[in-house]
Structures are given as structure tokens and as C-alpha cells.
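Below you'll find the structure, written out as C-alpha cells, and then a few comments.
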Amino acid sequence: MVSNCIQDVSFSDCESSHVGKLCLQMNCNSDCIHVLRSMVAVMTARAGMAELQSNRVAIAVDELFANIAAHAYNGKPGRVEFETWIGNSEDGCQELVFNFRDYASAGWGGNLEEIMKAGTEVHDPLSPGGLGLRLICSVADRCEHEVCADGNRWRLIFNINDREQLKGGE
């Protein structure tokens, strides 16, 4: 049930702006994915993304949330703070940003640069584990991770201005 997911919601700077920030504090369980998908749909629509790109964003967000639930919290209940907004990058391009903050007892110790270099090419036989982050990194324009004293912070960034070719072409 979705009501078991949400701990707190805020919609800062959203009243008359298409670039407001949506914030959500939720319990980490599979029912919450419906709430996240709704937020992705709202934000990708605000960003003017085509359906194909919106679906790609949803896949990356779903996969990251699933990784937090499965690996950070080992399938047990845990708190996740989720924020999303449309902002400007340092080079002036618009971007859609998704932040995840978990409070798991252990931080992820992997190397995102190695995962990004590997891309989606798999030369060894497929095996469970490790492919989710490859998928996330291949879909997002940037994926960032920070180990905190009390958990992890993840950021997925999707460039908006470069998406025009996706509306008609793929």
C-alpha cells in the first residue's frame, strides 16, 4: 500500500514554477516504486522530455531505488530521502536531477568510474549482480555517489537540452 511508503513530502518553490523541487522522505520498500514513477513522470513532463527518454529516466530511478533497498538495507525497512529538480549545469544547459539519500549502516565502496568505462558491453557470461549500476550509468548523463558517515548519497543527472533528437528519432 502506497500510504506505508511516504514519511514526508514537500513541494518547495513549485507554486507557479515549472522548475520547482519535489522532496519526499519514504520507507524503502517495493510499494514505493509507484510513488517514484509518478514523480519521474511529473518531472520529465516538466522538462519536456519525450516518452522514450522519460522511460529511460524511470528505469534508472527504479534501478537505483531497488539497489538501495536490496544492497544498502538488505531488504529490511529503511529511510530514503528523494529530491528532484530542474536546474542549470555549469555550462548553462538545463538538467533534470534526482538525489537519493539513504541511512544504511554501510556505504557502497565500488568505483563508478570503472563501471561507466565498462558501459553496457558484457564480455563475460551474464551473472547476477553488477549490471544494475551499468544500466544506470549508461542511461544517466552523469551518476554520482558519495559515502556519508551514516549512509550514501546518489545523484542521477539527465541533460535536457540534448534530448530534442529523441522526440522524433529513436
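Just so you know, all these numbers are worked out from the coordinates, no wet-lab data involved. This is a predicted model, so every value here is computed, not measured.
General remarks:
- Whole-Hz Karplus values for region 139-154 come out as 8, 6, 6, 8, 10, 10, 9, 9, 7, 9, 4, 10, x, 9, 10, 10 Hz, taken residue by residue from phi with 6.51 cos²θ - 1.76 cosθ + 1.60 and θ = phi - 60°; glycine and proline positions read x.
- For region 34-42, putting each phi into the Karplus relation 6.51 cos²θ - 1.76 cosθ + 1.60 with θ = phi - 60° gives couplings of 5, 5, 4, 4, 5, 5, 4, 4, 4 Hz, in residue order, rounded to whole numbers and with x for Gly and Pro.
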